[in-house]
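Visitor: Please find one structure pasted underneath; my questions will follow.
Bear in mind that the values in this text are calculations on the coordinates, not laboratory data. Computed from a prediction, not measured in an experiment: that's the story for all the values here. Virtual Cβ from ideal backbone geometry, glycine too; neighbours counted across all protein chains shown.
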Amino acid sequence: MKEIVYMDAAASWLKNQSVIESEVNFLANSYANAGRGVCERASNVDKMVANVRQSVADFIGAEPKNVVFTSGTTDGLNRIVNIIKNTESFDKKKPIVAVSDLDHHSARMPWQAVTDSGWCDLVVCPLDSDFNIDVNNIPKCDVFVITAMSNVLGVAQNVEQIIRVARKKNPNVITIVDAAQFVAHKKIDVSKFDCDFLCFSGHKIGADTGVGVMYIRDPDKFNPDKFGGGMVNKITDSGKWILNQSPEKFEAGTLPLTQIIGLGRAIQLLPDSNDSSKLIRYMYDELSKIPRIKILTKPDACILSFMVENMHVLDFGVMIGAHDICIRVGNMCASWIHKKMGLDGSIRISVGPWNTMAQAEYVVETIRKMVK
């Protein structure tokens, strides 16, 4: 089998063999449903899920009750809209929801949908000249959606400062952090962020697809958006129900158990330091020397995005793919920042712990030959 140079980590990380083996071993030797039985096998699965939940809580600086398992960032961000709608009255006034042009589609589109239905008003937080959220011009709002790192520009936003300024404008603002790209590169500390919600996907850090995390700072304050098995403590004679405490009250139905087990192992395997920045900086320096290439990202960004003069990004993607190199081309599901930069799409290189300097050199040389 030929070797593929995979430099599309920002879309999804490759899976360590240990993560794969942990899931296979669970399916083959330990599988049972969680929260559905009292036999030893089912109880053991309950403990395994609890252990992963604790690992996730430690990973982001939270408590287990704050950690809700989802199917991914998109699922979490969509659910948050309904959780807030099911709970908050905003003093019977139409709430103002702030977004920004850094947002991934799943961070902004759910709010645009409820804006179109008349439930809220949407405002766009300005970006500064470097395409970062402008902390000097944060609007007063009731809900603030913050993309912690753009998957096009790869620069970590100062989430703590942004939320602090937003709370000065409105102490009761509900803050939502999309950490899908941030989680692979920077340390998450929800207590420092002071956010109300935060979401990320497991597959961005080497776990399987189909599992994600939704952090809720004050779960007792919010009503669930889904109903079903596992969340109900008791149905009364009158037909009313008493719900379990968080996180169970937000986890109706069977959890993605196999993926949760893999997530726990993936977190254990995350490197303490990220050498990928050396590869990105090397490729930045080398590609900067090629006249036809216009680089869109900063030298110290976590990814490398660029354009090639007089070449469509899709044509570039097909051509480099013929050299067994896998990278991302297109709008990255982030249309607004591309429009802000006057582009239809871009070319993105993103690396993971499996990539080597030899691969980086091969990619640079291949691009040089393609665009000369």
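Visitor: How much net charge surrounds Gly210 when only other residues with a Cβ under 12 Å from its Cβ are counted (Lys, Arg +1; Asp, Glu -1)?
Guide: Around Gly210, the surrounding residues sum to -3.
Visitor: Test of the criteria: in segment 11-70, which trypsin sites (Lys or Arg not before Pro) are in a DSSP loop and have at most 15 other Cβ atoms within 10 angstrom of their Cβ?
Guide: Sparse-neighbourhood loop trypsin sites (Lys or Arg not before Pro): Arg36.
Visitor: Which is farthest toward the positive dipole end of the chain among Ile216, His323, Trp354, measuring Cα position about the Cα centre, with Cβ charges +1 (Lys, Arg) and -1 (Asp, Glu)?
Guide: Ile216
Visitor: While we're here: In whole angstrom, how far apart do the alpha carbon centroids of segment 95-174 and segment 255-327 sit?
Guide: 25
Visitor: If you average the sequence gap of Cα pairs under 8 Å that are 6 or more apart and divide by the length of segment 32-269, what percent do you get for the contact order?
Guide: It rounds to 24 percent for segment 32-269.
Visitor: Continuing with the same structure: Just name one of Gly206, Ser22, Ile4: the one whose Cα is farthest towards the positive end of the charge dipole of the chain (beta-carbon charges, Lys/Arg +1, Asp/Glu -1).
Guide: Farthest along the dipole direction, towards plus: Gly206.
Visitor: Express the C-alpha Rg of the chain as a ratio against the empirical globular expectation 2.2 N^0.38 Å, rounded to two decimals.
Guide: Computed over Cα atoms of the chain, the ratio equals 1.05.
Visitor: Next up: Could you tell me how many cubic angstrom of Cα convex hull volume segment 1-48 has per residue?
Guide: Taking the convex hull of the Cα positions in segment 1-48, it is 112 Å³ per residue.
Visitor: Still on this structure, I have one more. How far apart, in nm, are the 7 Å Cα→Cβ label points at Asp315 and Lys369?
Guide: 2.0
Visitor: Any chance you could run the full-extension gain for Leu269 through His323? It's 0.36 nm times the residue separation minus the Cα-Cα distance, nm to one decimal.
Guide: Result: 16.4 nm gained on full extension.
Visitor: Go ahead and estimate [θ] at 222 nm for the chain from helices alone: -39,500 (n - 2.57) per DSSP H run with n ≥ 4, summed, over the residue count, rounded to 500.
Guide: -10500 deg cm²/dmol
Visitor: If you don't mind, there's one more thing I want to ask. From the square roots a ≥ b ≥ c of the eigenvalues of the alpha-carbon gyration tensor of segment 132-254, which class results: rounded (a/c under 1.5), prolate (a/b over b/c), or oblate?
Guide: oblate
Visitor: I need the calculated FRET efficiency for the pair Arg281 and His105, taking r as the beta carbon distance and R₀ as 22 Å, to the nearest 0.05.
Guide: In this case the efficiency is close to 0.15.
Visitor: Moving to a separate point now. Which of the lysines could a cross-linker bridge to Lys226, judged by Cα under 27 Å and excluding same-chain residues fewer than eight apart?
Guide: Cross-link targets: Lys47, Lys65, Lys85, Lys92, Lys93, Lys94, Lys204, Lys234, Lys240, Lys249.
Visitor: Could you check the spin-label model distance between Leu14 and Lys2? Points 7 Å from the Cα along Cα→Cβ, value in nm.
Guide: 1.6
Visitor: Could you compute the net charge surrounding Ile260? Neighbours are other residues with a C-beta less than 13 Å from the C-beta of Ile260; K and R count +1, D and E count -1.
Guide: So the environment of Ile260 carries a net charge of -1.
Visitor: Evaluate segment 143-191: find the radius of gyration of its Cα atoms, find its Kirkwood radius, and give the ratio Rg to Rh.
Guide: Expressed as Rg/Rh, it is 0.98.
Visitor: Provide the per-residue ³J(HN,Hα) series for segment 363-368, in order, calculated from phi with Karplus coefficients 6.51, -1.76, 1.60 and θ = phi - 60°, each as a whole number of Hz, with x at glycine and proline positions.
Guide: So the J values, rounded to whole Hz, are 5, 4, 5, 5, 5, 4.
Visitor: Further question: Taking the mean number of other Cβ atoms within 10 Å as a proxy for protection, how do you rank 281-290, 300-309 from highest to lowest?
Guide: Highest to lowest by the protection proxy: 300-309, 281-290.
Visitor: Moving on. How about segment 161-244: which chymotrypsin sites (Phe, Trp or Tyr not before Pro) there lie in a loop by DSSP and see at most 15 other Cβ atoms within 10 Å?
Guide: Answer by residue number: Phe227.
Visitor: Which far-off residues, 5 or more places away or on another chain, put their amide H under 5 Å from the one on Gly206, with H placed in the peptide plane?
Guide: Residues meeting the criterion, in which the H sits 1.01 Å from N, are Trp13.
Visitor: Continuing with this model, one more query. Using modelled backbone amide H atoms (1.01 Å from N, in-plane), which distant-in-sequence or interchain residues come within less than 5 Å of Leu127's amide H?
Guide: Long-range HN contacts for Leu127: Asp134.
Visitor: Still on this model: Only bridges whose two residues both fall in the chain count here: according to DSSP, what percent of them are antiparallel, nearest 5?
Guide: Bridges in the chain that DSSP calls antiparallel: roughly 55 percent.
Visitor: Calculated FRET efficiency, Asn86 and Arg167, Cβ-Cβ r, R0 30 Å, to nearest 0.05?
Guide: 0.80
Visitor: Separate question: List, in order, the whole-Hz ³J(HN,Hα) value for each residue of segment 37-48 obtained from phi through the Karplus relation with A = 6.51, B = -1.76, C = 1.60 and θ = phi - 60°; use x for Gly and Pro.
Guide: Taking θ as phi minus 60°, the curve returns x, 10, 5, 4, 5, 5, 5, 5, 5, 4, 5, 5 Hz for segment 37-48.
Visitor: Taking amide H positions as placed 1.01 Å from N in the peptide plane, with prolines and chain starts having none, which residues 5 or more places from Leu243, or on another chain, fall under 5 Å of its amide H?
Guide: Here the answer is Asn233, since their amide H atoms fall under 5 Å of that of Leu243.
Visitor: Using θ = phi - 60° and the Karplus form 6.51 cos²θ - 1.76 cosθ + 1.60, what ³J(HN,Hα) does each residue of segment 181-191 get, whole Hz, x for Gly and Pro?
Guide: Karplus values, whole Hz, x for Gly and Pro: 8, 4, 4, 7, 10, 10, 6, 8, 9, 5, 5.
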